1. If you place +1 on the Cβ of every Lys and Arg and -1 on the Cβ of every Asp and Glu, how big does the dipole about the Cα centre of the stretch 297-421 come out, in debye to the nearest 20?
2. Which residue, chosen from 375, 390, 400, occupies the Cα position most advanced towards the positive end of the dipole of the stretch 336-422, where the dipole is computed from +1 (Lys, Arg) and -1 (Asp, Glu) charges on Cβ about the Cα centre?
3. Rounded if a/c is under 1.5, else prolate if a/b is larger than b/c, else oblate: which is the stretch 26-148, with a ≥ b ≥ c the root eigenvalues of its Cα gyration tensor?
4. Using a 10 Å cut-off around each Cβ, can you sort 195, 208 from fewest to most neighbouring Cβ atoms?
5. So for the stretch 298-417, taking the charge dipole from beta-carbon charges (+1 Lys/Arg, -1 Asp/Glu), which of 335, 322, 356 sits furthest toward the positive end?
6. Please work out the FRET efficiency for the pair residue 375 and residue 51, using the Cβ-Cβ distance as r and a Förster radius of 30 Å; give the result to the nearest 0.05.
7. What does the extension gain come out to for residue 72 and residue 238, with contour length at 0.36 nm per residue minus their alpha carbon separation?
8. Sorted from largest down, give the three principal axis spans of the alpha carbons of the stretch 297-421, whole angstrom values.
Amino acid sequence: MALTTDQKSSKLFKKQMGVGESSTTRDFFEEPKQGRQSVLSQQVWQETPPITAPTLGDGETSGCVKRWVDKSLIAISGTTNSFWSTDIINTIPFNYGDGSYNYVLKDNNNNIIPFGQGDWILDPESGVLIFYGTTPSNMPPKISCYVYVGVTGLNGTSGTSGTSGFGTSGTSGTSGTSGINGTSGTSGPSASYVHNQSSPSLSWNVNHNLGQKYLNITCFGSDDCQILPKEVTLVDVNNLVVLFPIAISGHASVTYGVGSSGSSGSSGTSGTAGSSGTSGITFTGLVFDSTLSTNYSYSGETSLGETAGESCVFGNVVYLKSDGKWWKANSTNNTKMPGSAMVIDSSVSANSPVTLLIRGWVRNDSWNWTVGGINSVLYLGLTDGSMIQPAPDNPGNQVQILGLAKSTNKIFFIPSLDSVGK
C-alpha cells in the first residue's frame with residue numbers, strides 16, 4: 001500500500017515545523033522528537049562523504065562516515081509504530097552518492113523488511129523511523145545504515161561595505177605594568193550526589209539530601225553519553241524531579257560548591273593609545289523586507305558566483321547538478337532534485353553567472369497563488385523550474401515543499417531538502 005497524500009503532507013508539514021512525525025493523529029506541537037528545518041551551524045556538514053560508501057564493520061569509522069550494522073531501535077512512548085535511536089541521527093540519506101548508502105531494515109528475528117512493506121520511512125535528522133502501514137511483528141526493528149560523524153559548522157563569509165560603522169583595528173597600544181595580585185579567597189562548602197536510575201522512566205525522583213535548592217544537575221544515559229532532560233523541577237532543598245520526553249535509564253550527577261572572592265589587585269598603569277582605524281561597516285542583523293512594492297523583486301539571502309547549466313528566468317527553481325552548475329528542478333524526475341534555490345536574475349543563458357535566492361521573500365505579478373493555512377504551501381512543480389499547488393499526486397512524483405504564499409503574487413521561499421516519493 002502506497003502512502004496517501006495526507007500522510008505525505010502531514011510528514012512534510014511537521015518537518016517544516018521542526019519535528020519528526022511519530023503519528024499522523026498527533027498535532028505538530030504534540031510530537032516528542034525534534035527535527036528542525038532551520039539549519040543550525042552544527043547541522044552543516046563541512047566534510048563531504050565519499051560517493052561510494054566505505055566497507056566498514058559495525059561501529060567502525062572511516063573519515064567522516066560511521067557504519068551501524070543491525071542497530072536496535074527503541075519504541076517511542078505512546079506509539080506502536082514509531083522507533084528511534086540517538087545513534088542514527090545524521091544518517092546519510094539512502095539516495096546519496098551511487099546508491100551504496102542504502103538502508104537495510106530487519107525485524108527482531110533478522111527477517112529483512114523491504115522498503116514498501118509497512119510503508120516505513122526514516123527521518124535522518126531526528127532518528128525517527130515510522131511505519132505508516134501495518135507494523136510488522138517481532139518489533140522493535142534493527143537497521144543497518146551509515147551516519148555522518150565529521151566536522152560540523154559554518155565558516156563566515158566577508159560582509160559588503162557599509163556607509164559607516166566600525167573602523168578597522170588600530171595598532172596595539174603598549175602593555176601597562178601588572179597590578180599586584182589579590183589575596184586568595186577562602187574555599188566555600190561543596191558536595192555531590194549521584195542518582196542511579198536502573199529502570200527506564202519518564203521522570204527521575206532524585207533525593208540528594210544536600211540541603212541546597214539551586215544545584216548543578218548533569219544527566220547521562222545508560223551508555224554514559226550526556227542527555228538533556230525536558231525539564232527539572234526543584235522540589236525542595238533535598239529533592240528534585242528530572243523529566244524526559246521518553247522513558248530512559250541512566251544517572252544524574254548533582255553538585256554544588258562556592259568560594260569567596262579574593263581581594264582586588266591594584267591597577268596597572270595605562271598603555272598608550274593605538275592609532276585610529278579606517279571606516280568600516282555596521283552590521284544590524286539579517287532583515288528580510290516583505291513589502292516588495294515592485295514586480296520581480298526580492299529580499300533575502302542570496303548566493304553570488306554561481307553558474308547556470310541552462311537558460312533560466314526570474315522565479316525558476318533550480319538544483320545543483322554533479323557538474324557544479326545549477327539546472328531547473330522537476331518533481332517528476334528524482335535526478336533533478338532537490339530544488340534548493342531560485343533564480344532572481346531577469347534571464348540568464350547557459351554557462352553564464354547567475355544570482356540565486358537561498359531563502360527570502362519574492363514577488364512576481366504573473367503568479368496567482370492560493371492563500372490560507374495548509375493551502376498556502378508551495379511544492380516543486382511537474383515542469384522544469386516550476387512551483388505548484390496543491391502537492392503532486394501522480395505515481396512516480398516526488399513531493400517537496402518550497403515555501404508559503406503570503407498573497408497571490410508574493411511568497412516566502414524556504415525550500416525543504418526532504419522529499420517523499422509517490
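1. 160
2. About the Cα centre, the residue reaching furthest to the positive side is 375.
3. Values: a/c = 1.98, a/b = 1.22, b/c = 1.62.
Note, shape of the stretch 26-148 comes out oblate.
4. Numbers: 195 18, 208 21.
Ordered by Cβ neighbours within 10 Å, fewest first: 195, 208.
5. 356
6. Using R0 = 30 Å, I get an efficiency of 0.15.
7. My answer for the length gained is 56.0 nm.
8. Over the stretch 297-421, Cα extents along the principal axes are 38, 33, 21 Å.
Every number in this text was worked out from the coordinates using simple rules, so none of it is lab data. The structure presented is a predicted model; accordingly, all values stated were derived computationally and were not measured. Note: ideal-geometry Cβ built from the backbone for every residue, glycine included; neighbour counts use all protein chains shown.
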